[in-house]
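Take a look at the structure set out below.
The values are calculated or read from the model by the stated rules, or taken from the named source; none is laboratory data. Worth saying up front: this structure is predicted, and the values here are computed from it rather than measured. Positions of Cβ are backbone-derived with ideal geometry, glycine not excepted, and every protein chain shown enters the neighbour counts.
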Amino acid sequence: MKVNKVNLGFYPTPLHPMTNLSRHLKGPRIYVKRDDLTGLALGGNKTRIIEYILGDVIRMGADVVVATSGIQSNWARQITAAARILGIKPVLVLRTAQFKGTSIDYTGNLLLDYLMGADVRIIEASIRDNVVREMQAVADEYRASGHTPAVITDEPVIGVMGYYDCSQEIIEQSARLGMEVDYVVHATSGGPTQAGLVLGFAAAGKEVKVIGVNSGVYDGATTISRIRSFIEKGAELINLDKEKLPSTIDVLDGYGDYGEATKEVIDAILLTARLEGIILDPVYSGKAMAGLIDMIQQGQIDAHSNVVFIHTGGVPAVFAYKDLLFKKSQSLPSSYP
Ligand SMILES: Cc1ncc(COP(=O)(O)O)c(C=O)c1O
């Protein structure tokens, strides 16, 4: 496999125990993999994926990258930072998504996009709308002034290698800590993160159950079929015998629509902040934590297992939910941690 990777992040990210949270939940042993600390303008999971995707963009000679997502997108913020490091112009076609019909608050990820000087085009659209036409129109504008834009409409398969790498870090770090990982839990959405993890553990012959908690961009069935497609194409990339792949893909649903901050998710954010001093967000990592807490409380993850929770980042989005989070943090009983 020929890979055009660029190095943008700082690895390995730490893996450390969440002792207070484990005690509070009466087991299992929960470790956190700090992919909120990957680098790229406040970090997150997309840094690992972008390293593989932008490698190809650079090789093709592009001097502009056009990307799309929601207005509070971590992907958009990290691709903007990556483009700046690589000396190419970041252009973002951002869908109003969860802010549809309301006024846009220039905070969180969106503020950071502007700080880094991205050419931001905001369009009134849902996160699921197809905006390829708008992206091509912006690319044409740049072409007309002599540029060579690369348009990234969906994430290419090569991105799975980012979380293949992460799985190998987890294997090495857990061996050093003297523990066998039983579960990996993280936020899932478009699919490359979960697919890369599944491929990496399978390639290493490790029986680790990877559970993605759905962010709600796609419904459960669509999310699973996207992840399956990434896994199958990724297995071809790395020449992995498909017999070695797990037969099921575990996606946990029920934590709200995309950008919807449900009560369970807000509770999970506050609990993690107060017990561990770690900040999760309402769109992704908070949902993943709410899912993990439910699985533990419902006995689906037993008290003697070892769980790695991957903090996939998303921290800047907290500021887009400031009123809700502030009010909730002030209304907690004094007995709360
Ligand atoms: C913070 C965070 N966590 C998890 C995900 C899901 O990653 P994937 O699209 O690879 O499933 C995203 C996607 O944007 C994200 O921003």
Being under 17 Å from Gly291 (Cβ atoms), crowded, with 18+ Cβ neighbours inside 10 Å and modelled with pLDDT of 95 or more narrows Val217, Val251 down to just Val251
Would you mind telling me which numbered condition in (1) charged (D, E, K, R); (2) touching a Phe, Trp or Tyr at 6+ places or on another chain (Cβ under 9 Å); (3) in a helix (DSSP H, G or I) Asp105 fails?
(3)
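Residues checked against (1) closer than 19 Å to Met18 by Cα; (2) surrounded by 22 or more Cβ atoms within 10 Å (Cβ to Cβ):
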residue: Gly234; (1), (2): no, yes
residue: Asn239; (1), (2): no, no
residue: Glu243; (1), (2): no, no
residue: Pro246; (1), (2): no, no
residue: Ala261; (1), (2): no, yes
residue: Pro282; (1), (2): no, yes
residue: Lys287; (1), (2): yes, yes
residue: Ala290; (1), (2): yes, yes
residue: Ile293; (1), (2): yes, no
Name the residues in segment 132-158 that are within 16 Å of the ligand (Cβ to nearest atom) and aliphatic (A, V, I, L, M), would you?
Ile152, Val157, Ile158
Which of the residues spanning segment 287-302 are modelled with pLDDT of 95 or more and away from the ligand (no atom under 12 Å from the Cβ)?
Ala290, Gly291, Leu292, Ile293, Asp294, Met295, Ile296, Gln297, Gln298, Gly299, Gln300, Ile301
So, of the residues in segment 78-90 that are hydrophobic (A, V, I, L, M, F, W, C) and more than 16 Å from the ligand (Cβ to nearest atom), which turns out to be surrounded by the fewest Cβ atoms within 10 Å (Cβ to Cβ)?
Ile85
With the structure loaded, tell me whether Asp119 is over 23 Å from Ile88 (Cβ atoms) and acidic (Asp, Glu) or whether it fails that test.
no
Looking only at segment 56-77, which residues are part of a helix (DSSP H, G or I), in contact (Cβ under 8 Å) with a residue 60 or more places away in the chain and within 16 Å of the ligand (Cβ to nearest atom)?
Asn74, Arg77
Consider Ala320 against the criteria (1) surrounded by 13 or more Cβ atoms within 10 Å (Cβ to Cβ); (2) modelled with pLDDT of 95 or more; (3) out of contact with any Lys or Arg (no Cβ under 8 Å at 6 or more places or on another chain); (4) aliphatic (A, V, I, L, M): it satisfies all of them except one. Which criterion is unmet?
(2)
Looking at (1) modelled with pLDDT of 95 or more; (2) out of contact with any Cys (no Cβ under 7 Å at 6 or more places or on another chain); (3) more than 9 Å from the ligand (Cβ to nearest atom), which is the one condition that is false for Arg48?
(2)
Could you tell me whether Gly200 is away from the ligand (no atom under 13 Å from the Cβ), surrounded by 19 or more Cβ atoms within 10 Å (Cβ to Cβ) and either assigned by TED's automatic domain parsing to the domain that holds Asp257 or at pLDDT below 95 (or both)?
yes
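Val93 - would you say it is within 16 Å of the ligand (Cβ to nearest atom) and over 30 Å from Ala235 (Cα atoms)?
So Val93 passes the test.
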Looking at (1) at pLDDT 95 or above; (2) not in a loop (DSSP other than H, G, I, E, B), which is the one condition that is false for Ala41?
(2)
Quick check: anything in segment 254-274 within 14 Å of the ligand (Cβ to nearest atom), at pLDDT 95 or above, farther than 21 Å from Gly43 by Cβ and assigned by TED's automatic domain parsing to the domain that holds Pro316?
yes
Mind telling me which of the residues Ile227, Ile211 ends up being under 20 Å from Tyr284 (Cα atoms) and either near the ligand (Cβ under 9 Å from one of its atoms) or free of Cβ contacts under 8 Å to residues at least 12 places away in the same chain (or both)?
Ile227
Single residue of Leu325, Leu280 found to be among the hydrophobic types (A, V, I, L, M, F, W, C), away from the ligand (no atom under 16 Å from the Cβ) and assigned by TED's automatic domain parsing to the domain that holds Lys33:
Leu325
